[in-house]
1. Specify the angular offset, from 0 to 90 degrees and rounded to the nearest 10, of the alpha carbon long axis of helix 25-43 from the longest principal axis of the alpha carbons in the chain.
2. Between L31 and N91, what FRET efficiency follows from the Cβ-Cβ distance if R0 is 25 Å, with the result rounded to 0.05?
3. Take the alpha carbon atoms of segment 60-115, find their center, do the same for segment 14-29, and report the distance between the two centers in whole angstrom.
4. Tell me, what HN-Hα J-couplings in whole Hz come from the Karplus equation 6.51 cos²θ - 1.76 cosθ + 1.60 at θ = phi - 60° for each residue of segment 75-86, using x for Gly and Pro?
5. State whether the chain is rounded, prolate or oblate according to the following rule on the C-alpha gyration tensor (a ≥ b ≥ c being the square roots of its eigenvalues): a/c under 1.5 gives rounded; otherwise a/b larger than b/c gives prolate, and the remaining case gives oblate.
6. Stokes-Einstein at 10 °C, 1.306 mPa s, Kirkwood radius from Cα pairs: D for segment 18-77 in µm² s⁻¹?
7. As a test of the formula, what do you get for the chain when each DSSP H run with n ≥ 4 contributes -39,500 (n - 2.57) and the sum is divided by the residue count, at 222 nm and rounded to the nearest 500 deg cm²/dmol?
8. Apply the a/c threshold of 1.5 to the C-alpha gyration tensor of segment 77-118 and tell me whether it is rounded, prolate or oblate.
Amino acid sequence: MKSSSLRESFGYAWQGIKYTVLSERNMQIHLAVAVIVIVAGVVYKLTALEWAILGLTIGAVLAAEAFNTALELVVDLVTDQPHPLAGHAKNVAAAAVLLTAVAAVVVGVCIFGPHLVG
């Protein structure tokens, strides 16, 4: 098997991002919220540490959604018949996204809360 060049590898990654953004409504929602959070960060002049935490948090949510999409695609590829394990796999992957998003809300409250009440 021929290994891909670094440029090809990045190209495949961008194809994956494009596919997920164009095909998954929840990824579009996560990106819209990320833009709102970034704008709020600019308005409230966040510190470098706050930006770093937000960057990691946004990245975690987007990555979780991408992993969820990948798992759903693989499950759908393996079987087109309803199966309890397939359903559980999809539900657990969705739960991972939900847990990450809830954690992101907590991070957002911790970072933006003092700016909003102070």
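1. Tilt relative to the chain: about 20 degrees.
2. Details: r = 23 Å, r/R0 = 0.93.
Taking R0 as 25 Å, the efficiency between L31 and N91 is 0.60.
3. The distance from the Cα centre of segment 60-115 to that of segment 14-29 comes to 14 Å.
4. Couplings: 4, 5, 5, 6, 8, 9, 9, x, 9, x, 5, 4 Hz.
5. Values: a/c = 2.89, a/b = 1.60, b/c = 1.81.
It comes out oblate by the Cα gyration axes.
6. Working: Rh = 12.6 Å.
For these conditions, the coefficient is 126 µm²/s.
7. On the way: 4 runs with 102 residues, N = 118.
Mean residue ellipticity, 222 nm, calculated: -30500 deg cm²/dmol.
8. Working: a/c = 7.14, a/b = 5.63, b/c = 1.27.
The shape class here is prolate.
Read-outs throughout are calculated quantities, based only on the coordinates presented, and are distinct from any laboratory measurement. No experiment lies behind these values; they were computed from the predicted model shown. Here Cβ is always computed from backbone atoms with ideal geometry, including for glycine, and neighbour counts include all displayed protein chains.
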